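Accompanying notes for the structure given below.
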Amino acid sequence: MVADFLVLIIAFSLAYIVRVHYDQRPLVSQVYAVEYFRTFLFIAPFWILIFVALGLYQANIYNRRLVEWGKIAIGTFIGILLIIGWEYVTGKHIFPARLVAAYGFGASFFLVLFEREVLRLIRSWLFYRNWGTSRVLIIGDSAATRDIADNLSDTYHSGYKIVAIAGPKKVIPPGLEVNHFSSIDAALKKIKELRITTIIQTDLYDSTDRNQRILGAAQLNHISYNFIPGEPEFYTGKNTVDIFLGYPMISVSQTPLIGWGGIVKRLFDLIATVLIVTILSPLFLLLIILQKILNPGPVFYAAKRLTRYSQPFGMLKFRSMRPEFGSKDAVQDFKDMGRPDLAAEYEKTRKILSCPDPRITPFGHFLRRTSLDELPQLFNVLRGELSLVGPRPIEPVELPRYKDRGSLLLSVQSGVTGLWQVSGRNDLSFEQRVELELYYAQNWSFWLDLKILLKTPGALLRRRGVPQAKASHDR
């Protein structure tokens, strides 16, 4: 907080000096350096409060660089608006020229960014020297115990030094040199000798007395105690801890896309899609004309898909197949054509990779290769059937392949593009795609959506597949 405050002062001092002393153009008003500096000293604490409100001083922000950079940009922009608002309310000029505000915005953003990266390096160096690290005793015998031990073993990045583990030897990661205790009581007796500062327990034991001894040892030695549920269900979706009838209660939701999360996502979808459709309207018109000339028949095709809560809908696409194909399942189409080899390939992979699909027209191949056939899905977004970002819309005949994972994927709105499309696209296996889509559904954030949208054009240009996997029976 102190470092941010000092950097903001430096940034706006530099902005003043560059514009007033090195730019010969006339000033909007005569603001003396002392007055400018005094006013900024008064406003700067409110700027820091904006950073506080954005969560820039929370511990978890250090491990989320892109989120931190985005919040710094937002905080800096709001800070500039705060100063301009102050000028308007008080009726007195703070900036001697409008460029001072622009210079101040740029300088404060980049200098705060640089300062925080330097602090991150200093913090990592201190952890490397074992200064300021938490000395941890991990207690448990589940898979979560081993996973936590493995992830915290890198002291340089985590800030934790695992000193001891109480549990079976199988939970100790290979190569990790720690004190091992098969008995919990033996480990608790060594807390002072090993200078333990944090206990992490990953299993709630059947014995209430044993659980109380662990918590009591932490309280007796005035050290930190943390309980991490070993069941994987507690790590998915949106989880909240509350007090219910005097008891701590963990509420587990399938996805963060509930409440305000869903509202924000829908508003963003509507605003962004209207802008995109408006900008691309000439391209839509051109494609419709070319479709009529080069691919006679219906311009659009509505592919049967499932979206949120298993609701069926027609996913719009520019038709790429000849009109006589696509009304039946692709397997039957290939059998009718006398191509049992393609029918067998499609049954196995749900797509045709061994050769060009013989049902697709030349112009249709162009549409699919460039992913332009997907553009009409923007109208599905406006109708609320799709989101700009989300899991791949599931074909009804594919649902059994997802087994029990389909219900989780269908708890959120399907999307035009998604995490797997920008992470590996069609190079990924079906199982890998499903894992990425599950991760998205369980870990959604507005920043993740923005990141996926920004990566999508690059993925398209690399032509590693298409935004949505083309089902071979889609027309």
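The values are calculated or read from the model by the stated rules, or taken from the named source; none is laboratory data. This one's a predicted model, so the numbers in the text were calculated from it and none came from an experiment. Using ideal geometry, Cβ is built from the backbone for each residue, glycine included, and neighbour counts are taken over all protein chains shown. To get the accessible areas, we keep the full protein, side chains included, count just its heavy atoms, and leave off ligands, DNA and RNA. Shrake-Rupley method; radii C 1.70, N 1.55, O 1.52, S 1.80 Å.
Of note:
- Residues satisfying the criterion are present in the stretch 69-79 (criterion: open to solvent by 80 Å² or more (accessible area, probe 1.4 Å), over 23 Å from ARG38 (Cα atoms) and in a helix (DSSP H, G or I)).
- The stretch 187-201 - residue that is in contact with a strand residue (DSSP E or B) (Cβ under 7 Å, 6 or more places away or on another chain) and crowded, with 21+ Cβ neighbours inside 10 Å and, of those, farthest from ASN151 (Cα to Cα): ALA187
- Pair list, Cβ under 8 Å, 6 or more apart: the stretch 113-126 residue of a type in the set (A, V, I, L, M, F, W, C), other residue in a helix (DSSP H, G or I): LEU113/TRP69; LEU113/ILE72; LEU119/ALA3
- Qualifying residue in the stretch 166-186 (condition: open to solvent by less than 80 Å² (accessible area, probe 1.4 Å), acidic (Asp, Glu) and under 21 Å from ARG146 (Cα atoms)): yes
- Filtering LEU399, LEU372 for residues that are touching a helix residue (DSSP H, G or I) at 6+ places or on another chain (Cβ under 8 Å) and within 28 Å of LEU290 (Cα to Cα) leaves a single hit, LEU372.
- Residue under evaluation ARG319, criteria (1) touching a residue at least 40 places away in the same chain (Cβ under 8 Å); (2) open to solvent by 70 Å² or more (accessible area, probe 1.4 Å); (3) over 29 Å from ALA441 (Cβ atoms), criterion not met: (2)
- Test: residue in the stretch 276-295 that is outside any helix (DSSP H, G or I), touching a residue at least 60 places away in the same chain (Cβ under 8 Å) and surrounded by 13 or more Cβ atoms within 10 Å (Cβ to Cβ): yes
Here is a yes/no grid of residues against (1) over 30 Å from SER153 (Cβ atoms); (2) out of contact with any Pro (no Cβ under 6 Å at 6 or more places or on another chain); (3) among the acidic types (Asp, Glu):
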| residue | (1), (2), (3) |
| --- | --- |
| GLN24 | yes, yes, no |
| GLU35 | yes, yes, yes |
| ILE48 | yes, yes, no |
| VAL52 | yes, yes, no |
| ALA102 | yes, yes, no |
| ALA107 | yes, yes, no |
| PHE110 | yes, yes, no |
| LEU113 | no, yes, no |
| SER124 | no, yes, no |
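- Screening ASN60 with (1) touching a helix residue (DSSP H, G or I) at 6+ places or on another chain (Cβ under 8 Å); (2) at pLDDT below 80; (3) assigned to a helix (DSSP H, G or I) gives one miss only, at (1).
- The single residue among PRO45, PRO26 that is open to solvent by less than 70 Å² (accessible area, probe 1.4 Å) and of a type outside the set (Val, Ile, Thr) turns out to be PRO45.
- When residues in the stretch 290-317 are screened for being in contact with a strand residue (DSSP E or B) (Cβ under 6 Å, 6 or more places away or on another chain), of a type in the set (A, V, I, L, M, F, W, C) and over 26 Å from GLY262 (Cβ atoms), 1 of them pass.
- Qualifying residue in the stretch 34-54 (condition: in contact (Cβ under 8 Å) with a residue 60 or more places away in the chain, in a helix (DSSP H, G or I) and within 25 Å of HIS21 (Cα to Cα)): yes
- Each residue in the stretch 51-69 was checked for being in contact with a Phe, Trp or Tyr (Cβ under 6 Å, 6 or more places away or on another chain) and under 19 Å from ALA107 (Cβ atoms), and 0 of them qualify.
- Search result, residues across the stretch 392-445 that are free of Cβ contacts under 8 Å to residues at least 12 places away in the same chain and either touching a Cys at 6+ places or on another chain (Cβ under 9 Å) or of a type in the set (Asp, Glu) (or both): ASP404, GLU431, GLU435
- Scanning the stretch 86-111 for residues that are open to solvent by 30 Å² or more (accessible area, probe 1.4 Å), in a helix (DSSP H, G or I) and out of contact with any Lys or Arg (no Cβ under 8 Å at 6 or more places or on another chain) turns up TRP86, GLU87, TYR88, VAL89, THR90, ARG98, ALA102, PHE105, PHE109, PHE110, LEU111.
- For the stretch 19-35, the condition holds for at least one residue, the condition being that it is more than 27 Å from PHE446 (Cβ to Cβ) and small (Gly, Ala, Ser).
- Residue ID - most open to solvent (accessible area, probe 1.4 Å), chosen from residues in the stretch 7-23 that are over 17 Å from LEU113 (Cα atoms) and touching a residue at least 40 places away in the same chain (Cβ under 8 Å): VAL18
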